Ligand SMILES: Nc1ncnc2c1ncn2[C@@H]1O[C@H](COP(=O)(O)OP(=O)(O)OP(=O)(O)O)[C@@H](O)[C@H]1O
Ligand SMILES: [Mg+2]
């Protein structure tokens with residue numbers, strides 16, 4: 001028994017045991033980045049990184065929220081429908097009350113819709129997958145009703161300030177990227193260090209044990225959906241800000257990309273396991289791959305194939321390592 | 001040889017068992033060595049007990065024999081022929097079947113379908129249910145079980161599910177049954193029945209390896225015992241010359257006192273802490289009881305008599321339709337777990353896997369889960385304090401060697417039970433409801449848990465204990481209620497005899 005991995009009791013009391021299973025995915029990301037650095041002259045440039053983070057902002061926000069949902073044992077397929085309704089509401093409020101009110105309104109609408117989704121799923125006890133699918137159809141319908149099916153945009157003199165989220169800020173990153181990074185860190189800490197985070201893991205890991213431990217499992221789920229709604233609204237703001245407009249069909253399908261990113265990062269879809277940094281790594285992998293296809297001038301149609309294969313590999317690797325560790 | 005092979009398949013259950021010899025078996029998980037250099041042989045047709053403390057490696061050894069996991073080192077021989085068993089399939093093809101404590105049945109299927117799962121008789125590619133039925137009838141005869149082949153497995157009591165598991169093994173021609181703590185979840189009657197079947201199977205040439213923490217049960221059953229301690233093989237010898245004390249000495253390596261500690265008298269001035277009046281739920285009717293400060297109330301009864309459901313109703317986990325619970329004279333909101341916990345009630349549930357533990361999380365988080373707010377600041381967990389308190393609790397329940405950061409799924413069954421118990425010790429409750437407190441724990445840990453219960457009571461907690469082990473209820477309780485069909489039907493004091501209690505539990 002030679003001690004190659006030194007046990008370091010941290011203040012958290014966890015033993016940090018670096019092993020491949022936990023961090024394999026980070027090496028994966030590093031390998032792709034190394035490959036692109038060696039094969040393109042443009043990958044490892046500040047400009048490209050600013051671009052990378054900006055591309056990751058929307059999926060990153062959705063994936064952060066999806067991480068909370070999945071760990072607590074639910075899926076939120078309504079996230080991008082919520083995104084559309086909140087972005088549209090934000091634009092409409094902007095038209096009447098100005099940009100700041102618009103953004104604030106969008107967040108409020110997002111959180112509200114998320115809570116409603118949560119209440120529906122919790123009170124009807126339907127499987128969240130089906131429940132949120134139904135809710136997403138309702139919200140998309142709602143988006144068409146309030147816009148009459150057309151694109152909405154802020155008034156011409158509001159456009160410049162409405163596009164705040166595309167402006168460079170900290171370290172030259174766009175404001176949208178910074179928002180995504182900030183939310184990832186905040187939600188990561190929530191998950192890691194707060195009693196709420198502990199309860200999320202417990203509810204997703206064993207709902208009955210959580211209930212008998214005095215946790216209001218329904219409230220936890222509603223809260224998680226509300227946070228998901230809030231993140232969707234943020235993502236909606238960024239998209240609308242980028243496009244200068246919002247429309248009912250915006251961001252369709254991205255909720256699945258977000259879930260894929262979470263899974264690629266190594267969070268178990270069975271619930272009760274996972275971490276926020278994993279979602280971030282998953283998002284970066286998807287973004288870097290798409291970036292790589294562009295830089296290398298590869299046919300982007302293959303990008304989907306690669307992404308699909310990657311998801312399979314990630315899930316299979318999880319199963320394989322899991323089996324190995326118990327055999 | 002070829003003919004013999006064929007015969008093996010045709011009359012699998014008739015053939016005699018092979019002699020099993022394992023040598024130098026080693027198994028590690030990361031840096032922890034779970035089994036080291038275990039060598040033993042099992043003679044055909046014997047009942048062989050495998051004993052040891054929690055975490056000694058008993059389940060690991062059986063799982064290796066059954067192909068559920070593979071050893072890192074060592075060899076295995078059947079009748080002198082070296083064999084390699086890497087999967088459960090390999091094991092089954094050699095006639096070895098593992099019946100682990102978590103039964104591996106498909107709840108939605110019928111008894112018949114489960115028994116012949118994947119091994120249906122067929123002609124061409126059509127299933128031939130009649131032949132299965134005949135075979136099933138033969139198996140019932142062989143074992144003496146009474147089972148309806150059409151019953152849905154999920155609806156059967158645990159004892160019968162276990163019978164299905166045994167039939168399933170026999171249907172695959174098992175000549176060696178490896179049973180991991182089969183009696184831990186059974187009531188007295190079911191236990192008795194199972195032991196009879198084991199003896200019967202052994203008489204017809206089946207080898208049975210059995211793990212159990214009940215010393216008398218083992219001594220009354222087995223021909224030989226193997227003792228493991230910390231993953232090491234201590235001894236394999238005839239059970240004849242052994243007493244419970246001598247077994248424990250070998251298992252623990254020192255003398256231990258495993259009698260239930262003296263339960264001090266409840267002071268006459270001790271007030272009533274919990275009063276339950278006419279509590280009614282879907283499963284129990286008109287439950288009324290009182291427990292005073294420092295008093296331990298035992299609830300006895302058969303499985304299905306509503307003991308666990310009584311605790312769940314009192315705790316507010318099951319919806320109640322009538323009656324109420326008072327703690328120190330204050331009524332608890334009905335069906336509110338949170339209100340119950342706030343009032344100081346704690347429940348240690350019956351099933352650690354389904355109701356007790358979050359298997360995907362570490363030991364420490366599990367222990368801390370039910371009392372999170374007590375160690376939080378502005379919503380943040382005070383991890384340093386949690387760490388020290390969890391360590392203290394681990395020590396007091398004797399969770400040896402388990403690090404708080406370790407996934408709880410990796411603990412041995414008994415150690416998981418200790419962790420579950422520890423969950424409610426972080427902040428001693430006013431009322432403790434415990435359901436099967438010592439299921440699956442070894443004799444030393446059992447004594448430990450008993451003395452913790454007695455100690456909690458002595459410090460003023462009102463305790464209600466439910467247990468299928470009559471000795472436990474009799475030994476721990478100041479008073480005993482007996483339940484039948486969801487009602488309390490009899491009450492005894494501390495001096496009740498085993499027979500009195502049994503009779504009132506069984507009465508129609
Ligand atoms: N997958 C695993 N990863 C790490 N350690 C494990 C794993 N499975 C078992 N162990 C460890 O192996 C040791 C032996 O476990 P095992 O389940 O064989 O004990 P046991 O003798 O059956 O105990 P019990 O009487 O409590 O059932 C324990 O210390 C346990 O923590
Ligand atoms: Mg075991």
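The values are calculated or read from the model by the stated rules, or taken from the named source; none is laboratory data. All values derive from a computational prediction rather than experimental measurement. Neighbour counts run over all protein chains shown; Cβ positions are idealised from the backbone, glycine included.
Overview of values
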| read-out | value |
| --- | --- |
| Test: residue in segment B:387-407 that is touching a strand residue (DSSP E or B) at 6+ places or on another chain (Cβ under 9 Å) and away from ligand 1 (no atom under 16 Å from the Cβ) | yes |
| Any chance residue B:300 is closer than 27 Å to residue B:156 by Cβ and either more than 14 Å from chain A (Cβ to nearest Cβ) or modelled with pLDDT of 95 or more (or both) | yes |
| Which listed residue is in a helix (DSSP H, G or I), buried (at least 24 other Cβ atoms within 10 Å of the Cβ) and touching a residue at least 40 places away in the same chain (Cβ under 8 Å), from B:505, B:445 | B:445 |
| Unmet requirement for residue B:438, which otherwise passes all of (1) without any contact (Cβ under 8 Å) to a residue 40 or more places away in the chain; (2) closer than 27 Å to residue B:465 by Cβ; (3) away from ligand 2 (no atom under 16 Å from the Cβ) | (3) |
| Yes/no for residue B:195 being within 16 Å of ligand 2 (Cβ to nearest atom) and not assigned by TED's automatic domain parsing to the domain that holds residue B:465 | no |
| Test for residue B:381: is it closer than 29 Å to residue B:467 by Cβ and within 7 Å of chain A (Cβ to nearest Cβ) | no |
| Which numbered condition residue B:81 fails, given (1) modelled with pLDDT of 90 or more; (2) out of contact with any strand residue (DSSP E or B) (no Cβ under 9 Å at 6 or more places or on another chain); (3) farther than 30 Å from residue B:33 by Cα | (3) |
| Selection status of residue B:432, within 24 Å of residue B:376 (Cβ to Cβ), more than 16 Å from ligand 2 (Cβ to nearest atom) and crowded, with 24+ Cβ neighbours inside 10 Å | yes |
| Residue that is nearest to the other protein chains (Cβ to nearest Cβ) [pool: residues in segment A:197-231 that are touching a residue at least 12 places away in the same chain (Cβ under 8 Å) and not in a helix (DSSP H, G or I)] | A:206 |
| Set B:225, B:273: member being at pLDDT 90 or above and either within 15 Å of ligand 1 (Cβ to nearest atom) or assigned to a helix (DSSP H, G or I) (or both) | B:225 |
| Unmet requirement for residue B:306, which otherwise passes all of (1) surrounded by fewer than 19 Cβ atoms within 10 Å (Cβ to Cβ); (2) under 24 Å from residue B:494 (Cα atoms) | (1) |
| Segment B:471-502 - residue that is surrounded by 18 or more Cβ atoms within 10 Å (Cβ to Cβ) and closer than 20 Å to residue B:190 by Cβ and, of those, nearest to the chain's Cα centre (by Cα) | B:472 |
| The one condition in (1) at pLDDT 90 or above; (2) crowded, with 21+ Cβ neighbours inside 10 Å that residue B:468 fails to fulfil | (1) |
| Hey, residue B:374 away from ligand 1 (no atom under 16 Å from the Cβ), surrounded by fewer than 20 Cβ atoms within 10 Å (Cβ to Cβ) and either outside any loop (DSSP other than H, G, I, E, B) or at pLDDT below 90 (or both) or not | yes |
| Identity of the residue in segment B:399-418, closer than 15 Å to residue B:388 by Cα and more than 10 Å from chain A (Cβ to nearest Cβ), that ends up surrounded by the fewest Cβ atoms within 10 Å (Cβ to Cβ) | B:402 |
| Unmet requirement for residue B:199, which otherwise passes all of (1) away from ligand 1 (no atom under 16 Å from the Cβ); (2) in contact with a strand residue (DSSP E or B) (Cβ under 8 Å, 6 or more places away or on another chain); (3) closer than 26 Å to residue B:117 by Cβ | (3) |
| Answer residue from segment A:1-48, given it is part of a loop (DSSP other than H, G, I, E, B) and at pLDDT 85 or above and is surrounded by the fewest Cβ atoms within 10 Å (Cβ to Cβ) among those | A:41 |
| Hits in segment B:39-70 - residues which are more than 26 Å from residue B:417 (Cα to Cα) and in contact with a strand residue (DSSP E or B) (Cβ under 7 Å, 6 or more places away or on another chain) | B:39, B:40, B:41, B:42, B:44, B:45, B:46, B:47 |
| Total residues in segment B:445-475, condition more than 25 Å from residue B:365 (Cα to Cα) and within 16 Å of ligand 2 (Cβ to nearest atom) | 0 |
| Failed condition for residue B:387, given (1) more than 8 Å from chain A (Cβ to nearest Cβ); (2) under 30 Å from residue B:53 (Cα atoms); (3) crowded, with 17+ Cβ neighbours inside 10 Å | (1) |
| Enumerated helices (runs of 4 or more DSSP H) restricted to segment A:82-190, each holding at least 2 residues that are touching a helix residue (DSSP H, G or I) at 6+ places or on another chain (Cβ under 7 Å) and without any contact (Cβ under 8 Å) to a residue 24 or more places away in the chain | A:99-124 |
| Residues of segment B:235-255 that turn out to be surrounded by fewer than 14 Cβ atoms within 10 Å (Cβ to Cβ) and assigned to a loop (DSSP other than H, G, I, E, B), as a count | 6 |
| Count - residues of segment B:342-361 that are over 27 Å from residue B:303 (Cβ atoms) and at the interface with chain A (Cβ under 8 Å from one of its Cβ atoms) | 2 |
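Yes/no per residue for (1) buried (at least 24 other Cβ atoms within 10 Å of the Cβ); (2) free of Cβ contacts under 8 Å to residues at least 24 places away in the same chain:
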residue: A:247; (1), (2): no, no
residue: A:267; (1), (2): yes, no
residue: A:275; (1), (2): no, no
residue: A:279; (1), (2): yes, no
residue: A:297; (1), (2): no, yes
